[in-house]
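Undergrad: This is the structure, below, for whatever I ask next.
A short reminder: the numbers here are calculations on the coordinates, not readings from a lab. The structure displayed is predicted, hence computed values, not measured ones. So basically every Cβ, Gly included, is an ideal-geometry build from the backbone, and we count neighbours across all protein chains shown.
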Amino acid sequence: MDIATLGGLVGGFALILWGMISGGLGLTPFIDAPSIIIVVGGTFASFFIAYPLSKALGIGGIIGRAFKNPTDDTAGIIAKVLELANTARREGLLALEEAVGNIQDDFLKKGVGLIVDGTDPELVKSILETEMGFVSERHTESKGMLDTLGAFAPAFGMIGTLVGLVLMLQQLDDPSSIGPSMAVALLTTFYGSVLANLIFLPLAKKLEIRNGEEMLVKEIMIEGLLSIQAGENPRIIEEKLKAFLSPKLRSAIAPAGGGDE
Amino acid sequence: MDIATLGGLVGGFALILWGMISGGLGLTPFIDAPSIIIVVGGTFASFFIAYPLSKALGIGGIIGRAFKNPTDDTAGIIAKVLELANTARREGLLALEEAVGNIQDDFLKKGVGLIVDGTDPELVKSILETEMGFVSERHTESKGMLDTLGAFAPAFGMIGTLVGLVLMLQQLDDPSSIGPSMAVALLTTFYGSVLANLIFLPLAKKLEIRNGEEMLVKEIMIEGLLSIQAGENPRIIEEKLKAFLSPKLRSAIAPAGGGDE
Amino acid sequence: MDIATLGGLVGGFALILWGMISGGLGLTPFIDAPSIIIVVGGTFASFFIAYPLSKALGIGGIIGRAFKNPTDDTAGIIAKVLELANTARREGLLALEEAVGNIQDDFLKKGVGLIVDGTDPELVKSILETEMGFVSERHTESKGMLDTLGAFAPAFGMIGTLVGLVLMLQQLDDPSSIGPSMAVALLTTFYGSVLANLIFLPLAKKLEIRNGEEMLVKEIMIEGLLSIQAGENPRIIEEKLKAFLSPKLRSAIAPAGGGDE
Amino acid sequence: MDIATLGGLVGGFALILWGMISGGLGLTPFIDAPSIIIVVGGTFASFFIAYPLSKALGIGGIIGRAFKNPTDDTAGIIAKVLELANTARREGLLALEEAVGNIQDDFLKKGVGLIVDGTDPELVKSILETEMGFVSERHTESKGMLDTLGAFAPAFGMIGTLVGLVLMLQQLDDPSSIGPSMAVALLTTFYGSVLANLIFLPLAKKLEIRNGEEMLVKEIMIEGLLSIQAGENPRIIEEKLKAFLSPKLRSAIAPAGGGDE
Amino acid sequence: MDIATLGGLVGGFALILWGMISGGLGLTPFIDAPSIIIVVGGTFASFFIAYPLSKALGIGGIIGRAFKNPTDDTAGIIAKVLELANTARREGLLALEEAVGNIQDDFLKKGVGLIVDGTDPELVKSILETEMGFVSERHTESKGMLDTLGAFAPAFGMIGTLVGLVLMLQQLDDPSSIGPSMAVALLTTFYGSVLANLIFLPLAKKLEIRNGEEMLVKEIMIEGLLSIQAGENPRIIEEKLKAFLSPKLRSAIAPAGGGDE
C-alpha cells in the first residue's frame, strides 16, 4: 500500500471538509446530488468517447496501481545482476540456467533465458528494448487516461455551472433565491476542480514517476545483462550500474565480491 | 459500431438534458436558435479558413470513423504472421505467393508481395515504413482537424456571449429583461463548451488512440515480415512479436507450431 | 483563389453581423472606432517589436498566400517524375537534359539539373534537402507571424477592456451610463477575439497545412530523383512514390509505361 | 538602431495613452505609484529568485540588444565565403592566412584560422558547431529570461488586483468609494498585461528571430568553410550556400567569378 | 548563500506587505488561518499523492539547494583540465594518478581514475555520459516537483475561493457581511498565486538554470578528459573547451602553458 497516495487523498479531503464545516453551515450547502452526477457522469461520458471500451474499463485497475507500492527495488536488482555476473564469470554463461529459477522479475528472467540460449547480443538488446519500450508506452497511455479525466472534469464543472447560471438568471424575480441558486451553480465547478486537482492529476503524476522508476530498473537490467554476456569484469559492471543511481543509493550496495581479472 | 463512442455521446447528452430539466423550467431556456447558429457556424467558418476545402469536406467521414470499430486484431495479425513464417520456413519464401490470396490486410499483402518478388530487405523496410509513416501522418491530420474544431468552438462561444453582453448592457433600463438577456448571452459559451468537451475533443482523442493501435499492428507486421525474409526461426519471431503485446494479450496467442531448427 | 479561405471569412463575418443585428439595436452598439484602433494598433505595435522590419512588412503577402490555391499537384508531380524515370531508363540520364525545359517546378528542375551534371548522389540529396529544409523553415516562420498576431490580439483586447473598465468605474455616479460604458469596454475584448479566432489563427493553420503539402511534394521529388539517379526500375519507383499518397489519390495515377527490366 | 522595435514600443504606448485620454478623465485614473511598484517590483523579485545574480543583472543588456540592428548580412557573408573559396582555389589554403585580416566576423575568422592551421576537417566542424551550439544556447537563455518576465508580470498584476479587491471589499459601507477602489485594484492587472504584451513577450520573440538569423549565418559559414577545406569548386559551393537563402535574397548575390575546373 | 534567491524572496514579500498595509487597514484583512491551511495543506496533499513518499519528503532539501551557491566554477574547471592535460602531455597518462588527490570534483576525479586505469575511451565516455544523464534526470525531477507544487497551489486557491463563495452566497440576507465574506473567499486565491509565483515557480526555474550550468561543466570535463586520453595538444584542448564559454568568460582563462608539439 502506497501510504503517500492514501494519506494525501485522505488529508486533502479532510482539509476541504474542515474548510466547509468551519463556515458554520454544515456540509449541506456543499452537497448537491444532481451536480455530482452531472460532473462525474459527463466526465466519464467524454472519457468513454475518448478511449476504446476495453481500455476505458481498465481505469479502475489503473487508479488502483497508484495505491500499491512498486515492487522494484533498484539496489536489490543491481545486487542480483552483480551476483549473476559473478556466477557467469566463475562458472560460465550456462551456469546462469540454474539461477533463472531464483529470479522474481519476469523481465530479468527473460533476459537471462535469452543469454543462456546463446542468442546474439544484438538480438537480446533489441528484444529487451522493444519490450521495455512497449511497457513504457502502456504506462504512458495509462497516465494519459488520468490526464484526460483531469481535463474533462473541470470542463464539465463549468458546463454544469453554466446550466445553473442560465436557470438562475431566468428566475431573477425572487431575489431571496439568487444567492442559494448561484451557490448551487458554483458547486459543479467546485466538484470538477477537486476531482481534477486532488484525484486525477496527482494520480497521473504518480503513475508517470512510477514508470520512470520502472524504466530505470529495466535499463539497469539490460545494461547489466549485455555486460554479463560480453563477459565484462563484475567490478566494471558494478561501476557502470552504479552510475544509474543517486549518490545516496550507491552506498547501499555491497561491493561485488570476486571479479579479479 | 464502437459502443463506447455512441454510449458516451448519448449518456453525456442525456445527463446534461436531465440537469437542465431538473431545474423545473423545461428545455426552453436552453434553446436559442441564433446562438446555436453563431457557435456552430462560426466554428466551421474558421475551420474552412484553416483547412483546404478537400480536407475540410472530409470531416464527416473522419467523425464517422470514431464510431466504427477498428478491424485490426493484434493477436490475429500475429497469428497470421507466424503462420506465414511457418509456411516460409517449410516451403520457402516463394510459397508465400499462394498465401497472399488469403490475406485481408492490404499492408500485409503488399509486404508479402514485396518479399515474394525478392525485393531487397532494406527496400522492403523502407517502402513499408514510408507507407506506415504517411498513414500515421494522415491520421494525425484527421485528429488535428477535430482538435482545431475543439479549439474554435469555445472561442466562438465566447464571441457570442460578448455580443449578447453588449446588447444587454445597452438596454439596462428594463431591469426585468436583464436576467433573461444575460441567460441567453451565456448560452453560446455553454454550446461552445459542450461541442468541444463532449464531441470534438473526445473524438480527437479516440482517433489518436486508434492510430496508435493501428501503427502498433503495422510495426508488428514489418518486424514479422523482415524476420520471415531473413529466414529466422518462427519461435524467435514469436518471441519478438509478443514483446509488442501487453502480458494479458500474450496468453491469447497459440504457440507457433513448428520452428524446429 | 482558395474558395474555402474566402468563404470561411465571409461566412464567419456574416454570421457575427447577423447575430449583432438580430439583437434589434443595429450595428451601432458594436462599432467604436477608438476600440478598433487600440486593438488593431496595439497588436501590430507588438508585432513590429517582435519581428524585424523586413519580415514584419511581409505580413500582407503572407496573408495573401492563404487566399491563393497551391499550384502543387501531387499526382501530377508523381506522373512527371515517372515520365522522367522512363526517359532516363530508355535513353540514359543525359537525355533528361532536354526534359528540363518542360519542367515547371523550380525545385524539380534544379534536381534534374544536378543529376544531368553528374553530381554525386549524396551531394544531390544534401543540396535538395537543405533547400527543402529552408523552404519549410521560412513557411514555419510565416505561420509563426500569424500565430503571434493571434496571441497579441486577445491580449490587447483585454488591455482595452481594462482601460474602459477603469474609466467606467471612476464615473459610477451616473448609473444610466454604466451599461453603455461597460458595453464599450467589452468591445475591445470582442474585437480581439474575432481577429484571433476568425482571421489570424485559422490563416496560420492554413499556412501550416499548405507547408505540409508542399514538403510532401518535395519529399516525393527527392525520393524520385535519387531513384532515377540510382537507375532503379520505374515500376519500383512508382511503388515507392505511391506510398506517399493516400489510397484515394493512388488510383488517380496511371501505371508507369515501360520499366521492363 | 532597430526602428521596428522602437517604433512598435512608441506606437503601442501612444495608442494606449490616447485610449486613456479619450475617456475624458485625463491620465490621473491610470497612474497609481504603489500599483506600479508592486507589479514591477514583484515581477523582478521573482525574476531574481529564478535566475542567478550574474545572469539576472544582464537583463538590461539583453533588452538593449533587441534595439540594435544585427550586423549579420547573409548575402554579404556568402559573398565573402565565395571570395575566400576563389582565393583558396587559385592560391591554395595557405593563401587564406592573409585574408584573415580582412574578416570582420570573429566566427568566420576563427574558422579560417583553423583551416590555415591544417586542422582535421572533422575537428574544424566539431569546434565550430560546438561554438555555434553554445552561442545559440546563450541566446535561448536570454530569450527565456524575457519570457519569464512576461509570465510573472501578469501574475503579479493579478496578485496586486487581489490585494486591492480584498481592501475594497472590507470597506463596502462607503458606496461612493467602491468604483474608484475597484478601478485602482484593476490597475495592477492592466500594468502587468501591458508589461508582458507590449514589452517582455515581443522583445523575447525578437531575440528568438534574431538568434535564428544568426544561426543561419553561422551554418552558412560552417558549410562554406568545410567546402573550401575539401577543395570544392566555388560554383558548387555557391549553389550549396544559396540553398540557405530565400529566392528573393538569392538574386542579390553576384555569381562567383572563377571556379573553372 | 545565493543572495539573489534570498533577496528576491525577501523583496517580493516586502513589496506585497507594503501594498497591503498602504491600504490603511493593516494586515488583519489579509490573514486568515483556515485559508492558509486549506491552500498549503491541499497543495501538499496533492503533492504527496503525486510523488512517492521518499521523493516527496526530499522537497525541503530541494528548496534548500536553490538558496545555496553552486560550487561549480566553469573557468576554474577548464584551468584544472588544462593543467591535467599539460601533466599528461609531459609525464604521461599515469602521472595523473598523483593529480587525482588534488581534485575536488567527484565527477572529474572519477573520470581521471578511469583514464589512469587504462579504460577504453569508448567506455570512459559511456560511463561518464550515463552518470551525467542520470544526474540531469534527477535535477529535472527536482525541478518538476516544484513545478507540480506551482500548479497545485493556484488550483487549491481556487477551490478555497469556491468554498468561500458558496458559504457567502448561502448567507446573502445580511448585506453587511457580503463584502468581508467575499474578501475572505478571495484570500485563498491570493495565497495560491503568491505561493506559485513568488516561491515555487521561480525556485523551479532557478534549479533548471543551475542544472544547465552543472551539465555544461560536466560536458566540458568529458570533452577535456577524452581529449587528454587521446593525447591531444593542450593548445587544441584549450581551444575546444573555450568554445563552451561565453566570450566574456573566455578572457578569464590563462593560456595553457606548454603544449609545444
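Undergrad: Within a Cβ distance under 13 Å of E:Gly179, other residues only, what is the Lys/Arg minus Asp/Glu net charge?
TA: Cβ neighbours under 13 Å give a net charge of -3.
Undergrad: Spin-label point model (7 Å from Cα, Cβ direction): what's the C:Glu83 to A:Leu57 distance in nm?
TA: Output for this residue pair reads 5.7 nm.
Undergrad: I would also like to ask the following. With chain D treated as a Gaussian network of Cα nodes joined by springs under 10 Å, which of D:Met132, D:Met182, D:Met221 yields the largest mean-square fluctuation?
TA: Evaluated over chain D, the most mobile residue of the options is D:Met182.
Undergrad: On average, how many beta carbons from a partner chain sit within 10 Å of the beta carbon of a residue in D:9-17?
TA: Counting other chains' Cβ atoms within 10 Å and averaging over D:9-17 gives 6.
Undergrad: If neighbour count is taken as other Cβ atoms inside 10 Å, put B:Glu98, C:Glu83 in order from fewest to most.
TA: B:Glu98, C:Glu83
Undergrad: Just from its helices, what would the mean residue ellipticity at 222 nm be for chain D, if runs of 4 or more DSSP H residues each count -39500 (n - 2.57) and the sum is divided by every residue, rounded to the nearest 500 deg cm²/dmol?
TA: Per the formula, -24500 deg cm²/dmol.
Undergrad: Still on this structure, please answer the following. Taking neighbour Cβ counts within 10 Å as the exposure measure, how do C:Val10, C:Val184 sort from fewest upward?
TA: Ranking C:Val10, C:Val184 by Cβ neighbours within 10 Å, fewest first, gives C:Val10, C:Val184.
Undergrad: Less than 14 Å Cβ to Cβ from C:Glu91, Lys/Arg counted +1 and Asp/Glu -1: what total charge do the surrounding residues give?
TA: Result for the local shell: -1.
Undergrad: Same structure again: For D:Leu6 and D:Lys109, what does the FRET efficiency come to when R0 = 30 Å and r is the distance between their Cβ atoms, rounded to the nearest 0.05?
TA: Efficiency computed from Cβ-Cβ geometry: 0.45.
Undergrad: For the stretch E:58-135 and the stretch E:144-195, what is the separation of their C-alpha centers, rounded to whole Å?
TA: Using only Cα atoms, the two centres lie 50 Å from each other.
Undergrad: Next question. Could you work out, residue by residue across D:56-64, how many beta carbons of other chains sit within 10 Å of that residue's beta carbon, and then give the average as an integer?
TA: 1
Undergrad: Hey, can you rank E:85-93, B:39-47 by average C-beta count inside 10 Å, highest first?
TA: Peptide ranking by packing, descending: B:39-47, E:85-93.
Undergrad: What is the distance, in nm, between label points placed 7 Å from the Cα along the Cα-to-Cβ direction at A:Asp73 and at E:Phe13?
TA: 4.2
Undergrad: Using a 10 Å cut-off around each Cβ of peptide D:37-43, what is the average number of partner chain Cβ atoms that fall inside?
TA: Mean partner shielding for this stretch: 5.
Undergrad: While we're on this one: Among A:Phe190, D:Phe152, rank each residue by its count of other Cβ atoms within 10 Å, from fewest to most, as a rough exposure measure.
TA: In increasing order of surrounding Cβ atoms, one gets A:Phe190, D:Phe152.
Undergrad: Just grab the label-to-label distance for D:Ala95 and C:Ile31, each label 7 Å out from Cα along the Cβ direction, in nm (one decimal).
TA: Placing both labels 7 Å along Cα→Cβ, they lie 7.1 nm apart.
Undergrad: Hey, another quick one. What helices does chain E hold that run 20 Å or longer along their axis, going by alpha-carbon atoms, with a Kyte-Doolittle average of 0.0 or more, using DSSP H for the helix calls?
TA: Helices meeting the criterion: E:3-21, E:33-50, E:74-91, E:121-169, E:175-194, E:201-229.
Undergrad: Further question: Defining the label point at 7 Å along Cα→Cβ, can you sort the distances from A:Glu137 to the same site in each other copy, shortest first, in nm?
TA: 2.0, 2.0, 3.3, 3.3
Undergrad: Continuing with this model, one more query. Place the label 7 angstrom along Cα→C-beta at A:Gly58 and in each other copy, then list the distances from the first to the rest in nm, shortest first.
TA: 3.0, 3.0, 4.8, 4.8
Undergrad: Need one word for the protein assembly as shown: rounded, prolate or oblate. Basis is the Cα gyration tensor (sqrt eigenvalues a ≥ b ≥ c); a/c below 1.5 gives rounded, then a/b vs b/c decides.
TA: Verdict is rounded for the protein assembly as shown.
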